[in-house]
Structures are given as structure tokens and as C-alpha cells.
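Below is one structure; the comments refer to it alone.
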Amino acid sequence: MTNIEYNNYPIFYQNIKNKKVLVVSDINTNPFVMRFKDELERNAGSVSYLMFNDKDLIPDNDKIDRIKEKANDIDYILGVGSGSINDLCKYVASINNIKSGIFATAPSMDGYLSKGSALMLNKKKVTETVNMPSDCLVDKEVIANAPKMLIASGFGDIIGKYTCLTDWRLSNIINNEEVNQEAFDMMEHALNDTVSNYKLISKYDSEGVSFLMNALLVAGTSMALAGNSRPASGSEHHQSHYLEMYFVSIDKPIPSHGLKVALGTLVSIELYNHLKETTFLKNHPKRKEIIKLIDALPKTQDLLKMYKEMGCYTRFRELNIPKDVFTSMIYNAYKVRDRYTILTLYHNESLYDSIIDKLVEKYY
């Protein structure tokens, strides 16, 4: 498992003793390199640096090639950043069969410790299986003072666990898909801790933000335990990934992943609630089990209240996407991943037409 350290990092420095280390950052995160540059160079055998000038870094083929070129004859890759930097460094390190680590600069997403790298290869969103980072370094001051929108994004990513865990249970009921109970419980507990402390998080209190960061790290651990991303990614993530491919296709900056996940969670909950009105559910032999799942979901108005306090988006049009892209996402996001979710059910049963107008009215 990954070594997680706060503030001083003695185990990490022992891990890089006399090794050739490559430090990867972007123009936003490079200033944080100075926090441990001297100590890094004192402990490593040698240190080289690669900084991308991109303000909105996309983890695409070009970035992978540049890291691979720089990582020739390197023993260890340390990323300084969050989502894209982490995914790129884990991916190249796994290809090169060397260790990697991440200095987390924001509590913005849940992939720090995951065995997946979300990449944009040939303008298509894919998730490649990779090794977990050897080390995750967290500075409480850094994460508590991260840009507010990035903290809101991390909060949105955790809120998405409501629907991804429900999707997992739904597939268990309908398809008999196995649920890893330990991974499920671990993620659910971290979700509940985050929601219980959202007032502190919304005030950017260091203790509250630490609850959020812990939940984001638990997500990676639970995915590793389950052997897949089921504990942390479902229908809400598939909507986010669909939109990411749209923004790449028009060469526009991609809004933060967790902010899109938060919106996708609203849509997925709406789909679940509408399911109770359909003939499909009325005639389903496991109707009572499915209704029990639906009734355990939070109310969308309660989530919207939290979103407003956290600074999350509350409508998809705030992402600057056309209405037709929103409707296309509703009908087609199930294709993003070969995984049974509420989106798959609606497609298989041809239910989207019965709710699309309501979704546009409430969430576009």
C-alpha cells in the first residue's frame, strides 16, 4: 500500500535515498516544489525537473511522451499537483517499472491512490491500469489554502459516491454483480464523514479540509481493495467523462472533474427517483429491494443547498455547454464505460424519453 505522510516525509526521503528522481509539475503547481527542493536534493542521488507551462494541463499523448523522454534512466518520478499530474506520473512510472509519488497540492479529486490513470489518448477518455504511488505527501497548510474551486471539486467528487455506491448495489440486485463489502463500507464511512463536516469544509477550516482529503485518499484505497473503481465511480462519473471528451473535441479548457461529478450526481438521483414511476419497476420481481435503494439516496434539494455553500455549480449550463450536448450526454454517457449503472438501465429499457424534458428543466 501507499505510504501517506503529512508535512515532514521521513519515509519518503528514505525511499528516494541515492536515487535518480524526476520531479514533474505544471505552471500552477511548480511554486510548491520550492517547499522541499533543498531536502529533496540532499537525499536523492540526483534530481531533474520537468515543468509544463499549461495552466489547464490535459494528460494526453504529448505530455506522456515528454515525461517518458525526461524519465530515461530515472529511478523515481515525483508528481507535484493533483489529477492530471498524478495520472501522468503514475502511468509513465508503471510503463518504466519504477516507483512514483505525489505531492498533493489540492483536495480536488479522489484518484491520488487509485490503480487507474485517467488519460486523454487520441482525444478519447480512457482509464489505464497502473501501479499505486509509492508515496503520497500532504501538507495540511497547502490543501487548506488550495483554490476554493478545487476544494469544491473534491467535495463534489466525494458526493458522487452516493450514486456510484447505489449503482453498485443496483447491479448486484439485477445482475448479481459481487459487492466487496469492506471496500463499500470504507467508502461509505468516508462519504458520511465528509457530509457531516461539510460546514467546516465550506469555511475552508483546516480540520474540515483534512476530513475531505482523507475521504479522497480512502477512495483510492477502496478501489485498490475492490480491484476496480466501483467504490468511487459510477453513472455520475460517466457523465463527467462524456463532457471531458466534448471539451477536448472543441479544444476548450475542461471544468474541474469533481464539479461535473456533483452535477452528474443530481441527474443520477433524479433518474433513480423517476424509476419508481415506471412500468419497469412496478413489474420487477425485486421491486422492494430497488425502492429501498432509491429511498436511501439524499434529496436533491439538500445537495443543492450544500453545493451553493461550497461554491459548486448547480446547473450544467454553467459549464458553457450547449443544450444539445447536455441531452446527448444523458442519452449516451452510458457508453463511456462498460459498467452497469442507472444510465445503462435507462438505455436498456428505453426510459430516457420519459424524463429528458424534466432533466433539462431542472439541471440544464
query = Can you name the residue in the stretch 40-50 that is open to solvent by less than 70 Å² (accessible area, probe 1.4 Å) and not in a loop (DSSP other than H, G, I, E, B) and, of all such residues, is nearest to Phe103 (Cα to Cα)?
reply = Leu40
remark   = Counted residues in the stretch 1-30 being more than 24 Å from the chain's Cα centre (by Cα), in a helix (DSSP H, G or I) and surrounded by fewer than 20 Cβ atoms within 10 Å (Cβ to Cβ) come to 5
task = Report the residue count in the stretch 139-155 for those that are surrounded by 22 or more Cβ atoms within 10 Å (Cβ to Cβ) and either in contact with an Asp or Glu (Cβ under 9 Å, 6 or more places away or on another chain) or among the β-branched types (Val, Ile, Thr) (or both).
result = 3
inquiry  = Name the residue that is nearest to the chain's Cα centre (by Cα), counting only residues in the stretch 31-55 that are over 30 Å from Met223 (Cα atoms) and charged (D, E, K, R).
reply    = Arg35
inquiry  = Looking only at the stretch 55-88, how many residues end up being assigned to a loop (DSSP other than H, G, I, E, B) and in contact with a helix residue (DSSP H, G or I) (Cβ under 8 Å, 6 or more places away or on another chain)?
reply    = 6
ask   = Across the stretch 89-102, what is the total count of residues that are open to solvent by less than 10 Å² (accessible area, probe 1.4 Å) and part of a helix (DSSP H, G or I)?
value = 4
request  = Within the stretch 202-227, work out how many residues are assigned to a helix (DSSP H, G or I), open to solvent by 60 Å² or more (accessible area, probe 1.4 Å) and more than 13 Å from Pro107 (Cα to Cα).
outcome  = 1
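Can you tell me which residue is farthest from Glu236 (Cα to Cα) among those in the stretch 165-186 that are in contact with a Lys or Arg (Cβ under 9 Å, 6 or more places away or on another chain) and of a type in the set (S, T, N, Q)?
Of everything passing the filter in the stretch 165-186, Asn180 is farthest from Glu236 (Cα to Cα).
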query = Within the stretch 296-332, can you find the residues that are acidic (Asp, Glu) and in contact with a helix residue (DSSP H, G or I) (Cβ under 9 Å, 6 or more places away or on another chain)?
reply = Glu309, Glu318
query = Of all residues in the stretch 103-135 being part of a loop (DSSP other than H, G, I, E, B), open to solvent by less than 40 Å² (accessible area, probe 1.4 Å) and touching a strand residue (DSSP E or B) at 6+ places or on another chain (Cβ under 7 Å), which is nearest to Lys37 (Cα to Cα)?
reply = Thr105
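Do the conditions hold for Arg35, that is, is it assigned to a helix (DSSP H, G or I) and either among the charged types (D, E, K, R) or farther than 18 Å from Met132 by Cα (or both)? Before the answer, list the steps.
On the way: assigned to a helix (DSSP H, G or I): no; either among the charged types (D, E, K, R) or farther than 18 Å from Met132 by Cα (or both): yes.
The answer is no for Arg35.
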request  = Any chance you could count how many residues in the stretch 254-279 are within 22 Å of Phe155 (Cα to Cα), among the polar types (S, T, N, Q) and part of a helix (DSSP H, G or I)?
outcome  = 2
remark   = Within the stretch 247-278, residues at pLDDT below 95, hydroxyl-bearing (Ser, Thr, Tyr) and more than 15 Å from Met109 (Cα to Cα) come out as Ser249
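The values are calculated or read from the model by the stated rules, or taken from the named source; none is laboratory data. It should be emphasised that the depicted structure is a prediction, and the values quoted were computed from it without experimental measurement. Don't worry about glycine lacking a Cβ; one is built from the backbone with ideal geometry, like all the others, and counts go over all protein chains shown. Side chains included, ligands, DNA and RNA excluded: accessible areas come from the protein's heavy atoms. Shrake-Rupley method; radii C 1.70, N 1.55, O 1.52, S 1.80 Å.
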